[in-house]
1. With respect to residue B:339, determine if the residue is surrounded by fewer than 18 Cβ atoms within 10 Å (Cβ to Cβ) and modelled with pLDDT under 95.
2. Considering only segment B:86-121, state which residues are part of a helix (DSSP H, G or I) and within 30 Å of residue B:7 (Cβ to Cβ).
3. Of (1) assigned to a loop (DSSP other than H, G, I, E, B); (2) surrounded by 24 or more Cβ atoms within 10 Å (Cβ to Cβ); (3) among the charged types (D, E, K, R), residue D:124 satisfies all except one. Which?
4. Can you confirm whether segment C:277-289 contains a residue that is within 14 Å of chain A (Cβ to nearest Cβ), acidic (Asp, Glu) and either assigned to a strand (DSSP E or B) or touching a residue at least 40 places away in the same chain (Cβ under 8 Å) (or both)?
5. Could you list, ordered by first residue, the pairs with Cβ atoms under 6 Å in which the first is in segment B:248-260 and closer than 16 Å to residue B:230 by Cβ and the second is assigned to a loop (DSSP other than H, G, I, E, B) and open to solvent by less than 70 Å² (accessible area, probe 1.4 Å), at least 6 apart or interchain?
6. Do we have any residue at all in segment A:189-198 that's assigned by TED's automatic domain parsing to the domain that holds residue A:298, more than 22 Å from the chain's Cα centre (by Cα), crowded, with 22+ Cβ neighbours inside 10 Å and closer than 24 Å to residue A:28 by Cα?
7. Would you tally the residues in segment C:94-110 being touching a Phe, Trp or Tyr at 6+ places or on another chain (Cβ under 7 Å) and open to solvent by less than 10 Å² (accessible area, probe 1.4 Å)?
8. Considering only segment C:135-245, give the helices (runs of 4 or more DSSP H) lying wholly within it that have at least 1 residues that are more than 26 Å from residue C:282 (Cα to Cα) and away from chain A (no Cβ under 14 Å).
There are 4 protein chains.
Amino acid sequence: MWRWLVLPAGDRIRVGILGITGHTGEELLRWLLRHPRVEVSLVASRGAGQKLSTIYPWSGLDLEVEEIDVGSIRERCDCVFLALPHTVSQQFVPGLVGGPVVIDLSADFRFREAEVYERWYRVRHSCPDLLKKAVYGLPELRREEIKKASLVANPGCYPTAVILGLYPFVKNFSFRSIWVDAKSGTSGAGRKIREELLFVSMANNLYPYKPNTHQHIPEILSQLGIEAENFVFVPHIVGIDRGIVASIYVETDKRLDPEEVKEAYESFYANSPFVVVRQDLPSYLDVRNTNQCHIAIRLLAPRKLLIVSTIDNLVKGASGQAIQNMNLIFGLEEKEGLR
Amino acid sequence: MWRWLVLPAGDRIRVGILGITGHTGEELLRWLLRHPRVEVSLVASRGAGQKLSTIYPWSGLDLEVEEIDVGSIRERCDCVFLALPHTVSQQFVPGLVGGPVVIDLSADFRFREAEVYERWYRVRHSCPDLLKKAVYGLPELRREEIKKASLVANPGCYPTAVILGLYPFVKNFSFRSIWVDAKSGTSGAGRKIREELLFVSMANNLYPYKPNTHQHIPEILSQLGIEAENFVFVPHIVGIDRGIVASIYVETDKRLDPEEVKEAYESFYANSPFVVVRQDLPSYLDVRNTNQCHIAIRLLAPRKLLIVSTIDNLVKGASGQAIQNMNLIFGLEEKEGLR
Amino acid sequence: MWRWLVLPAGDRIRVGILGITGHTGEELLRWLLRHPRVEVSLVASRGAGQKLSTIYPWSGLDLEVEEIDVGSIRERCDCVFLALPHTVSQQFVPGLVGGPVVIDLSADFRFREAEVYERWYRVRHSCPDLLKKAVYGLPELRREEIKKASLVANPGCYPTAVILGLYPFVKNFSFRSIWVDAKSGTSGAGRKIREELLFVSMANNLYPYKPNTHQHIPEILSQLGIEAENFVFVPHIVGIDRGIVASIYVETDKRLDPEEVKEAYESFYANSPFVVVRQDLPSYLDVRNTNQCHIAIRLLAPRKLLIVSTIDNLVKGASGQAIQNMNLIFGLEEKEGLR
Amino acid sequence: MWRWLVLPAGDRIRVGILGITGHTGEELLRWLLRHPRVEVSLVASRGAGQKLSTIYPWSGLDLEVEEIDVGSIRERCDCVFLALPHTVSQQFVPGLVGGPVVIDLSADFRFREAEVYERWYRVRHSCPDLLKKAVYGLPELRREEIKKASLVANPGCYPTAVILGLYPFVKNFSFRSIWVDAKSGTSGAGRKIREELLFVSMANNLYPYKPNTHQHIPEILSQLGIEAENFVFVPHIVGIDRGIVASIYVETDKRLDPEEVKEAYESFYANSPFVVVRQDLPSYLDVRNTNQCHIAIRLLAPRKLLIVSTIDNLVKGASGQAIQNMNLIFGLEEKEGLR
C-alpha cells in the first residue's frame, strides 16, 4: 500500500497545486520550485486559463493554470496540495483518495468528529467518513503517523505556533489556566478582497479580534487534549505583512522548576530540526521566510510561566509545513527543500 | 451677491460633508472638528443611517449620517464639501448652486471644457454649463478668484504637488522638456476594495503605473498652460500609507542661474503661508499631517534642473486645501484651523 | 498661591518645551502650536543653537533652540514641559519650583518613594523631598488634585493604557490574577540611536521584551494599589510607528456579571471626555493622532475577563496628556487644543 | 591556473564570508546555506568570537565567527566573499590573491582607474595595481570574462538595476539625455546606526538624496560607456525594507520604433536566465527575494522612452549576484542555488 517508502534516487515527485492563485498556493510554488526532488507538474485554480508566468512573473513558468480535474490530477501527480478555502477541499478529496498523496491545507480534515467541524465552521461536512483516514500533519507530534499517511490535514497557522509552544508543557505538567495572546501579520487572512484588509485599513494598525471565538480553538484543544474551560485564545492583527508571535501565559497550582520545564522542551524537540528552543527571547524576524518555530520559556513567578512561540505563518504555518509532510511521506530528509 | 465677505466674529460656518465614509471625507471631518470657526452640521453618504460615532469612534459625534438631500443641505449649510467620486458630484452640484458655497473634491469641475473631462474620464458631463462658474481651487495661483467663488473645484493630489512645484518656473523661464516622476502612498487610491490595494499586495511594494496616461495630466497642463508634447508624467505607488513626492526634471535650452530660479520661487510664494521653499531637500515626513507643500530646487547641470515638491496627499492634496479654500471664501485667515 | 484659577479671556499661556529635539518634544510642539490659548515662548535642548525651522521645517518658526537656563525659563514661561530623559529632569526641577507650572514627562517624579524609583531605574534620586509635591498627572483618576498642582509627573505610555483599562475594575471587583500583554509601536523607545531601533531591524518585526521586568510596572501597581504577585506585564514591540494596545486578562474567583462590569466603567468615565467605553473592540487606528483612550470589555468565561485599552502613545501616552494637565491647571476646558 | 573549470560532481565549494554581521553578509549566508554545491566553511568579522547561531538564530549553525585571518582563509576556502565596507576590502584582497576565488561586494575594485575611485570615495586606493586584475561582476554583460576571473568586483545595487535597464538601449540607439529616478528601500544603507535610519525616521517616509552626486554614478557611466553630461541620477529612499525600482527616462533625437527597442532587449537577454523583459509594468514584489531583474519599456512619445528596471537590492543587487558569479567561475549552472 505505501507506494514509496523511499523515492528512488534521482526521481522527482510530480506535484500538483490546487488553488495556485491564493496566498498559500503562491508560497507553495516558491518553495517547491526550489525543492531538488520535486517537479511541479500541474497547477490549478477555479476559473483558470492564464499562464503561470502571467500571474507570477518571478516563476518564469509557461505552465498553464488549469481547471481542477480530478482525473487529470490522479494521472499526473504523485502528490497534490490543496490550497483551497474551507469547504472547497471537501469537494475534491473524495475523488482523489486512492490516487496521489493528498495534503490539504484547509480546515476540512483537521477534526476526527464532523460535529466539531460543523459547529465551528457552521457548514455541513460532505464526507465525514474520510475524517478518520486523515492524519493531522504536525510532524513534531505525529511524525510516524504522517510517514504512512495518504491524506494529511495540514494544521492552521495559529495552532502550529500554539501547539508547538504548549505541547511539552501540557504533557509534563499540570496547570490551572492558560491564556494565549496571539499576534499575526495580515497575510493570515489570505487575499480576501475586504475593506478591513486594505493597505489603508491595516498600515500602522493593531487590534484584537474574535476573542475566544476563533475557529482555530478546537484544533488547539483537541491536539493538546485540554479543556476549553481552562483555555483562552485571543488573536490580534498587526500591520505587518506576515508572521505569528504567540505569547502564552500559564498559571499553575504547583511551583515550577524552570530547569525541569526547559528540559521537557529540549528533550521533546531533540529530533525536530525545525524547532529551536532558545534561551533568549525570539523575534519574528528570526524565523521570517523559514520553516522554523522558535520557542522561549520564562518563569515570571513561581506559578506563572510565559511561553513565546513564533513562526512565519505562510511557511511553518502553512506551505512549508505541507512540504515537510510531503518529505516525510516520500522518505526524504525532513529539511529537503526547506533549508 | 457675496453673502459673507467677512464672517461675523464669533459666528461659525455651518458645514456639510457629502461622502463622509470615504478617505477624504474622513480627513475633512478630522480637520473640521478642530476648526474654531466651523460647526459640522450635516454629514451624508449614499445608503446611510448610522451614527457618526459608529463609523468613526474617535469623532465622538452622535450626528446621524444622512442620505444626500439637496433641499436639506441648502437649508442647513453655509458651505458644503463634496467628497464624492467623479461623476457623482455632478448629480448634486446643479441643485446646490445658488445655495451654500460648494467645494467639490472630485474632478468634475476642474476643467473649463467638458470635452477635456470627457476624453480623460471617459464619461459624459451632465452639466457643462456650470464649468465656467467653477474656480480651480489652488489658492497659491488663484487666491483672489477663490475669495469670490461660490463653486470651487478642489485640485487633485498630484496636480497640487506638480503645479506648485512648476508654476514659478514655467512662468519665468523657457524649457525644452519636463519629466515628472511622482511617488504616492496608497491612500491616493481611496478606499476602493480591490486586490491591488490589499495590505498584502502593497506592503513593501513599489511600482509605476499609468505612465503618461494618468487622468491628472490634463489638469496639470491646463493650469500651467503648457503643451503635452514637452511633458511626461509617470506616477508610482509606494508601500506607505500617504504622502506624495514629485521629483521634477527640467531640461532647458539656455543655461540657468540657480539664484534667479530660487528668487522666482521665493517671490512667487512670499505671501503663501503653506508653501515653504527650502535650501535643503525635503522629506515627506516634513509635511505629513500638515497642509504644507515643501519645495526645493537643485541645478544638476547648467541646463538641467531638479525640482522636488512634497505634500500630504490627504491634506494639501485634498481635504486641507478644501478648508483653505473655505477660509478664503469666508474671509477667515488662510491658516485658520490648519495650523 | 494658585495664580491662575482661570486664565483671563484672551490671554495666552506662555509655554516652554525642554527637550525639543526628542520625540515627545516634537509632538508637544505640534499640538501646542495649534492650541488657541498657548504661545510657545521658549524651546530648549542640551547643546542647541539651531533655528526651530531647521529642525522641524513644518513648524515655520524662527524661534532659536536655547540651552536650558532655569532663570530664563522662570522669567519667560507660565508653564514648562520637560520632555527630557529620566534623571535629566531632576537636575532642573528644583530650580524651577515656585516659578512656572512644571509638567515633567520623565519618570523622575512619578513615585512617592525615592526607593521605588531607585530600585527600578537603578540611579539615585537627587531631590527626593520634591516627590511628595508632585501630582501623578492622570486626569481621569486625579482631576481635582491636578487642578491645584504646580508640579505634575506625567504618566508613562504603558501605565496610561493599563491603568485606565484596569482602574474601574480593581476598584469595584476582586480578582485572582491579572495578565497584561501590551503591544507598542517603536516610537515608545524614542529616538535612541540603537541597532535594534533601525528600520531594517524593526520593519515587519514583532517581539516581546522585558517580560515582567519593565520599569513601568511599579507605576501601574502603585496607582492601582495592587500587589506585584498577582500581576504580570509583558510588553511587545511591533513594526508600526506608534500606538499601544493593551490586552488585559483577568481571572476572578467569583462569577462576573458583564453588565455590572460595564456599568462600573461607564459611570467611572462619565465625565472624562477622552475615554470612550465601547461595545465593539477598538483598533489602534481609532485613536491614532488623538488624545483618546478606547476601552472595551469582554467576558470570555464566567470568571475570565478581557479588557482592551488602546491609546496613541505619543498623544494620550505622553504629549497630549501633558497638555490635558496644563488645561486643567490653567482653568481651561479639558479638551482645549486637543480636539 | 584555473583550478576548477568544472567542479567535480558531488564536490562542494568551501566558501568563506567576511563581514558576516552586515546586511549583505547575512543575505549571503541565507542563500549559501541553501546552495546544494556549497559548504560554508568559514565566517569572519572584525571583533568576533560569537557562535553564528547566536547572531542568526535561524541559521542553526555552531560555526564560530572568527577574526579575519588571511592565512586561514587561503587554507580553508575555495571561494571567499568580502561583504566588507569600502576601504576595508582593500586591506585583505592583496593577501588573498593567488589563493581562493575572491568576490568582493564593496566598491574597492569596481573601477579600472584608481583615480575615479579616489575622487568619488574620497580615500586613497592602497593597491591600484590589482584593479586591472578585477572583473566587474555583472554576468549579463561579462559572462565569459567572469568565468575566468579570480577576483570579481561585485556591482553596486543601483548600478545593477540601471545598467541592466540601459545597456541594450545605449548599445543600439543614440540618445540625447537620460534621467534616472531610482527608488530604494532602506536596507541599501546597510546596518549603519544613524538617526536617519531609525524606524521612526523612515517608516512612512519618502525622500530624494544625493541628487546627481551619488557614488554609484561613475560605475554606471563607465560600464555603459556614456558621458556624465548627458546623464542624471537621483536616488530616493522609501519607507520599505528592501527593493529598488529605477525609472529611466530617455530623450532621443530620432523617432524610436518600440518594436525595435523591445527586440534589442529581448535578443540581448535571451540567454540571461535572471533577466525578464516584460510587456506589462513590473512591481518590486515581483522580484522580492529573487535574483531576478524585471525590465519593461514604454514609448511615451516618439522621442521619449520610459524604461523600468526592478531588483531586490540585497539579492540581484548584492548577495545573489555574488553567488551567480561564483556559479559561473566554478562551472556550475548559473541558477544553481538561486532559484
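1. Taking the combined requirement at face value, the residue satisfies it.
2. Hits for segment B:86-121 are B:89, B:90, B:91, B:92, B:93, B:94, B:95, B:96.
3. (2)
4. No.
5. Matching pairs, first to second residue: B:250/B:175; B:252/B:175.
6. yes
7. Here the count works out to 2.
8. C:139-147, C:217-224
The values are calculated or read from the model by the stated rules, or taken from the named source; none is laboratory data. From a predicted model like this one, the values you see are computed outputs, not experimental measurements. Glycine gets a Cβ as well: all are built from the backbone with ideal geometry, and neighbour counts include every protein chain shown. SASA here: full protein model, heavy atoms, side chains in, ligands and nucleic acids out. Shrake-Rupley method; radii C 1.70, N 1.55, O 1.52, S 1.80 Å.
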